[in-house]
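Just below is one structure, and these are the notes that go with it.
Please treat every number below as a calculation from the coordinates, not as lab data. No experiment lies behind these values; they were computed from the predicted model shown.
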Amino acid sequence: MLIGELAEAAGTSARALRYYETHGLLRAGRSANGYRVYDDAELRVVREIRALLAVGFGLDDIRPFVDCLRAGHPSGDVCPDSVAVLRRKIAEVDAGIARMRDVRETLVGQLNLAIQSRETACFSKTC
């Protein structure tokens, strides 16, 4: 299929497909007139790429999933390298959640102090 057909089928743009190809994630052959021609299997690869990008993976993180699919596995997340990336990404998310909890606690503390200061000021004066 041509690049426009693949882009439409995958719900993306031809520009994105060229970008994925530039990073070695997508494979295209060339027709006699120089047009990119994609195998039907590339649609599955593009869908995997887009799904992983949508949840915050970078292109380097995605490579093991694509390699796993190209090795003939039914899913890109069953290979050891993909599992390692998933574990690392979960650890990153957990660390981000912990940082956000710390930020929330700090903000709640500041809010409580601000309310307490306001109430103290209002108690001694008319607010």
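Here the contact order of the chain, divided by its residue count and restricted to Cα pairs under 8 Å and six or more residues apart, works out to 14 percent. Under a 5 Å amide H cut-off, with hydrogens placed 1.01 Å from N, L2 pairs with Y38 among residues at least 5 apart or on other chains. Gyration tensor over the Cα atoms of the stretch 10-127: the corresponding equivalent ellipsoid has semi-axes (square roots of 5 times the eigenvalues, largest first) of 51, 18, 9 Å. For the stretch 65-106 versus the stretch 32-59, the inter-centroid distance based on Cα atoms is 20 Å.
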